[in-house]
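Comments concern the structure below.
The values are calculated or read from the model by the stated rules, or taken from the named source; none is laboratory data. Keep in mind the model is a prediction, meaning the values are calculated, not measured. Glycine gets a Cβ as well: all are built from the backbone with ideal geometry, and neighbour counts include every protein chain shown. Please note that ligands, DNA and RNA were not included when accessible areas were found on the heavy atoms of the full protein model with its side chains. Shrake-Rupley method; radii C 1.70, N 1.55, O 1.52, S 1.80 Å.
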Amino acid sequence: MCINSPNQHSDFQTLPNSIISRKQKSSIYYSFFVLMGSLTVAIPTSPTDKKKIIHGDDGYVLEDVPHLLDYIPKLSNYPNPLQSNPAYATTKQYFVNEDDSVAQKIVVHKNSPRSIHFRRAGPRQKVYFEPIDVNACIVTCGGLCPGINTVIRELVCGLHDMYGVPKIYGIQGGYKGFYSNNYNFLEPKNVNDIHKKGGTILGTSRGGQNTTKIVDNIQDRGINQVYIIGGDGTQKGASTIFEEIQRRRLKVSVVGIPKTIDNDIMVIDKSFGFDSAVEEALRAINAAHVEAESGENGIGVVKLMGRHSGFIAMYATLASRDVDCCLIPESPFYLEGKGGLFEFIEKRLKSNGHLVLVVAEGAGQDILSANLESAKDPSGNKLLLDVGIWLSQKINDYFANVRKMLITLKYIDPTYMVRAIPSNASDNVYCTLLAHSAIHGAMAGYTGFTVGPVNGRHSYIPFDRVTESRNKVVITDRMWARLLSSTNQPSFLEPENAKAGDIKIDVF
């Protein structure tokens with residue numbers, strides 16, 4: 001066994017943050033391999049080597065998250081103050097076992113290899129921060145989503161009430177708030193009712209990230225826990241912030257809480273606010289159905305959010321049962337000709353007298369932008385062309401000019417209504433669990449991770465796993481088949497185009 005011990009550099013690594021100038025450039029990194037029976041641990045040797053993999057018996061693989069001990073090996077630890085918290089006095093086995101992990105894949109064949117695992121979230125018996133010494137900050141970035149204020153509230157109340165942390169700050173206006181000195185002191189009494197409001201009390205913005213300036217500000221202010229609420233772009237930003245903090249060897253935990261109304265974050269079961277968004281989208285669909293039923297050859301068109309992933313449109317359609325056709329980014333469609341959208345609409349109008357069509361904002365962009373170049377927003381996202389207005393106009397033109405048929409079309413765009421509402425009851429509970437899991441992880445010294453449920457168990461997931469790709473609807477999956485069965489719409493997908501490799505088996 002060969003060990004290149006991290007203690008070889010301990011004279012440098014154990015210096016207090018205040019002594020190590022932020023201008024120092026250190027290139028000292030280390031390899032750390034430990035063989036314990038059949039367990040092998042590999043710790044990254046540089047900021048670009050992000051993976052921390054643990055291999056065990058029978059093909060067991062844990063994709064672990066970084067820990068402060070990885071680059072500051074002589075940190076002190078303390079008994080978890082929850083041991084003396086009266087709220088948890090009667091709880092049995094409240095602390096998570098250090099060996100607990102959560103399997104990413106739970107449906108397997110008898111000869112299948114064991115799947116990837118993630119570290120289970122929850123409180124540990126030892127913490128690496130004295131609560132009195134914690135300076136925590138919270139920042140929200142990107143678009144709005146139901147439940148952001150609930151997460152903020154539960155982070156503040158959880159830090160204060162569970163761990164006794166006295167200093168918690170809110171960063172105003174997204175990432176640029178770090179170097180604009182937009183800090184607000186937060187305490188339970190001034191966040192008590194914010195979960196009843198939509199939006200974010202901290203404000204938000206896209207882009208504006210200067211990693212060096214952000215980490216300079218974190219270091220200058222003595223912040224040692226950073227909670228970042230945002231989508232995949234925000235989590236990528238959080239990852240670069242963590243890497244810079246690791247490079248400077250600062251005792252700072254960086255924790256991401258994934259936020260996206262589109263439910264397109266990989267690995268986790270779903271994102272917070274999604275249930276609330278589907279519920280609100282259903283109101284718009286119900287209104288479109290009333291309008292369609294009331295007019296001659298009535299057509300109700302509803303555009304819902306979903307840039308790259310059509311989960312809101314799919315689930316709202318399944319919940320409604322009044323939708324005749326649902327169009328999402330993952331499923332291409334065409335307008336004219338046999339089996340096209342226009343033919344289907346005409347048949348449905350003749351049989352039912354009305355039709356409700358739901359379209360996700362990212363659907364049909366290949367048709368719209370065939371000869372157009374879209375601009376980008378400050379986060380680098382491609383600005384989508386308005387498929388709802390375009391599709392409504394195309395339907396009107398077709399039936400007026402080609403079929404010479406009278407229709408009554410009503411177009412509803414509830415985009416900002418859906419994302420601006422407060423979270424519902426189930427999302428409020430979910431936001432609480434996310435916030436508490438994030439706090440427990442940071443206090444236990446974990447860093448460079450995002451938190452979320454994997455097969456129903458909250459887990460700590462490395463940043464790169466949730467940012468490497470987007471979660472999308474699999475149109476060869478049973479859930480999409482259920483939607484086609486509900487709407488009786490054509491699939492717009494020829495059998496030969498359904499690749500066997502895309503098939504995903506679910507158990508719902």
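Being surrounded by 24 or more Cβ atoms within 10 Å (Cβ to Cβ) and on the phi > 0 side of the Ramachandran plot is the filter here, so list the residues in the range 265-285 that pass it.
Residue satisfying the conditions is 273 alone.
With the range 382-462 as the region, which helices (runs of 4 or more DSSP H) entirely inside it contain at least 2 residues that are open to solvent by less than 10 Å² (accessible area, probe 1.4 Å)?
387-397, 425-443
Using the structure shown, decide if residue 270 is part of a loop (DSSP other than H, G, I, E, B) and either touching a His at 6+ places or on another chain (Cβ under 7 Å) or farther than 17 Å from residue 461 by Cβ (or both).
no
Those residues that are open to solvent by less than 10 Å² (accessible area, probe 1.4 Å) and of a type in the set (S, T, N, Q), I need them from the range 134-157; list them, please.
140, 149, 150
Check 117, 160, 109 and return the single one that is in a loop (DSSP other than H, G, I, E, B) and surrounded by fewer than 24 Cβ atoms within 10 Å (Cβ to Cβ).
It is 109.
Residue 280 is checked against (1) of a type in the set (D, E, K, R); (2) touching a strand residue (DSSP E or B) at 6+ places or on another chain (Cβ under 9 Å); (3) not in a loop (DSSP other than H, G, I, E, B) and fails just one. What number does that condition carry?
Single failed check for residue 280: (2).
Of these, 67, 117, which one is under 27 Å from residue 249 (Cα atoms), under 29 Å from the mean Cα position of the chain (by Cα) and not aliphatic (A, V, I, L, M)?
The conditions single out 67.
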